[in-house]
Structure formats: structure tokens, C-alpha cells
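Worksheet: one structure, shown below.
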Amino acid sequence: MVLAATKRYTASEYIALEDKAEFKSEFINGEIIPMAGASANHNKIALNVCRLLPLAIGEQTYEIFMSDMRLWLPEYSRYTYPDVMVVSGEPAFVDQRQMEVTNPCLIIEILSSSTQAYDHDSKFRQYRSIPSFWEYVLVYQNGYEVDHYVKESEDRWVLMTYKGEESVIELVSMRIGIRLRDLYKRVKFD
């Protein structure tokens with residue numbers, strides 16, 4: 001049996017295709033990977049994060065981006081769409097179009113059963129190649145639970161797990177706390 005070769009794309013070919021696409025895709029080292037849709041809980045949690053963060057930071061100089069902003073990881077030749085990214089100070093973009101950011105300090109991913117292992121392992125390893133990145137939050141959809149990684153040094157990350165609606169996650173990079181009850185507002189657990 002002969003398998004057909006998978007077409008490989010350059011980053012610029014991917015960008016040109018993505019600009020015209022009806023659905024988002026990620027770019028991983030020459031391959032274009034279609035993204036799956038998100039559940040109602042996923043969307044509610046993402047909306048809660050993007051509602052809570054601007055209120056909590058007040059006049060501090062952070063930029064918050066939702067899942068339509070691409071992240072460029074040059075070391076891995078990868079474009080991806082994190083659920084939420086926060087940049088401290090001015091965002092650094094790939095070019096003047098301002099479609100791909102390169103310097104988040106905080107990335108938040110909302111986990112699904114199909115992405116949970118990948119977000120914890122491979123994606124986290126790749127995110128750690130970003131010099132400005134030092135906080136990673138993984139939010140489970142089916143219960144009050146959050147995994148929170150904070151960078152202590154170049155090769156040391158500390159994991160804290162928060163469970164229960166009264167728990168408060170302390171976002172070190174932004175110096176704010178968010179109650180899990182607020183993070184999961186209007187979310188219906190199975």
C-alpha cells in the first residue's frame with residue numbers, strides 16, 4: 001500500500017490561506033491542522049475570563065487577546081490560537097498587520113477531553129520557548145478545577161491546582177485574584 005504524501009506549506013502560504021478561510025486552522029511545522037469547534041461551556045468560560053480580566057487590571061498596562069489572535073512560536077515554526085493571551089506592556093507583532101502576537105506573559109487554555117493531554121504536555125513545552133511567557137492556566141470545563149503553572153526560573157515551573165467554587169486563583173503576572181465561582185459563572189456541569 002502506498003500512502004500519499006502530505007502537502008507541506010510555508011508559514012506565508014498558511015497565512016495567505018488562513019486569511020481567506022472560513023474556519024481556523026493551526027500551523028505546525030509545515031502542516032495545516034483544522035481546529036475543532038468549542039462547546040457551550042468552553043465559550044462561557046472564555047467569555048468570563050475576558051469579562052473578568054479587564055475589570056481586575058484597572059489601569060495596569062496589559063493587553064488581553066481572545067482566541068482569534070494567533071500566536072507565533074518561531075522555535076517550533078508554529079501558529080496557534082490560545083483561548084486567552086495576556087501581554088504585559090506593548091504587544092510585539094510579527095508584522096504591521098497585527099494578526100500574530102509573539103510576547104504573551106500569560107496564556108489561558110480551556111481544556112476539553114480531546115485537548116487535555118496535548119495542552120498539558122506538548123503545547124506547554126512549546127509555549128515555554130517564549131521568553132516573555134511565565135504563567136499558564138488550564139481550565140477544566142466539567143467542574144471547578146484549574147491547573148496553574150508559574151515560572152520560578154528558566155528550568156523550573158511550579159504547578160498549583162485549585163478546586164471548588166470558593167478557591168481563588170492568584171495570577172502572579174497580573175497581581176490579581178479570580179474566584180473560580182466567577183470563572184465558571186453560568187457554566188452547566190454534566
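The numbers here are math on the coordinates, done by the rules we state, and not lab data. Please read these numbers as outputs of a predicted model, since none were measured by experiment. FYI the Cβ positions are ideal-geometry reconstructions off the backbone, even for glycines, and counts take in every protein chain you see.
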Which residue out of GLN98, GLN60 is part of a loop (DSSP other than H, G, I, E, B), on the phi > 0 side of the Ramachandran plot and not acidic (Asp, Glu)? GLN98
Among the residues of segment 23-51, which ones are among the aliphatic types (A, V, I, L, M) and either closer than 19 Å to GLU100 by Cβ or assigned to a helix (DSSP H, G or I) (or both)? ILE28, ILE32, ILE33, MET35, ALA40, ILE45, ALA46, LEU47, VAL49
Scan segment 3-22 for residues that are surrounded by fewer than 11 Cβ atoms within 10 Å (Cβ to Cβ), hydroxyl-bearing (Ser, Thr, Tyr) and not in a loop (DSSP other than H, G, I, E, B) and report the count. 1
What's the number of the only condition in (1) touching a Ser or Thr at 6+ places or on another chain (Cβ under 7 Å); (2) closer than 29 Å to MET174 by Cβ; (3) not in a loop (DSSP other than H, G, I, E, B) that PRO104 fails to meet? (3)
Whichever residue in segment 104-135 is within 22 Å of PHE189 (Cα to Cα) and not aliphatic (A, V, I, L, M) and, among such residues, is surrounded by the fewest Cβ atoms within 10 Å (Cβ to Cβ): SER114
The residue that is farthest from LEU138 (Cα to Cα), considering only those in segment 22-72 that are touching a helix residue (DSSP H, G or I) at 6+ places or on another chain (Cβ under 7 Å) and among the polar types (S, T, N, Q), is ASN29
Restricting to segment 116-148, what's the tally of residues that are assigned to a loop (DSSP other than H, G, I, E, B), touching a residue at least 60 places away in the same chain (Cβ under 8 Å) and among the β-branched types (Val, Ile, Thr)? 0
Yes/no for LEU73 being of a type in the set (A, V, I, L, M), in contact (Cβ under 8 Å) with a residue 24 or more places away in the chain and either in contact with a strand residue (DSSP E or B) (Cβ under 9 Å, 6 or more places away or on another chain) or surrounded by fewer than 16 Cβ atoms within 10 Å (Cβ to Cβ) (or both): yes
